[in-house]
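What follows is a set of notes on a single structure, which appears directly below.
Rule-based calculations on the coordinates, nothing more; no lab input. No experiment lies behind these values; they were computed from the predicted model shown. Cβ coordinates were reconstructed from backbone atoms using ideal geometry, including for glycine residues, and neighbour counts include every protein chain displayed.
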Amino acid sequence: MVAVSVKTERIKSFFMIILLLAILGGSALFLKYLKESEKIILSSESERLVFLEDNGYSPVKKDEVPTVIPIVWNEVYEDYNLLQKEQGLGLDDFRGKNAVRHIYSSGDKEITLLIYDNQLIAADEYDYLSREQNSVLSLR
């Protein structure tokens, strides 16, 4: 009787471990799905213009500049990344990557959208009057 009891406990423990691994794996997949669903995809110029209009701008395209995000950041990049994190974006995962800066004007502001593989990874506005750099997104 003791041998059967020990064997049953081992089987229960085995299935509990399998269940916990399944729960952890499912949780990891769910978190990855949530992160993926939060991405802002802007794959065309018309999508970028609509995005800016939805955020209160009347954009006019000025320039498009290929940009490499540095692997090692100075204080300027650290501060810029903090601004991006405040609006739900961020450059941490894009160090060393080639991106494109899409630059627009809207009144007395210059707006920059930084796009990597059609994904918005950074956005800022520079106000020529106040000489301040601010966040762009009203959706976070």
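Between residue 92 and residue 77, the distance separating the two model label sites (each 7 Å from Cα on the Cα→Cβ line) works out to 1.6 nm. For the stretch 42-134, relative contact order (Cα pairs under 8 Å, six or more residues apart, normalised by length) works out to 27 percent. Computed log10 I(q)/I(0) for the stretch 42-134 at 0.10, 0.15 Å⁻¹: -0.24, -0.56, from the Debye equation with unit scatterers placed on every C-alpha and solvent omitted.
DSSP loop (so not H, G, I, E, B), at most 12 other Cβ within 10 Å: list which trypsin sites (Lys or Arg not before Pro) in the stretch 84-135 pass both filters.
Numbers: sites: 85, 95, 97, 101, 109, 131; in loops: 95, 97, 131.
Filter output for the stretch 84-135: 131.
Between residue 63 and residue 127, what length comes free when the chain is fully extended (0.36 nm per residue of separation minus the Cα-Cα distance, one decimal in nm)? Present the calculation step by step, with values, prior to reporting the outcome.
Working: separation 64, 0.36 × 64 = 23.04 nm, distance 1.71 nm.
Between residue 63 and residue 127, full extension yields an extra 21.3 nm.
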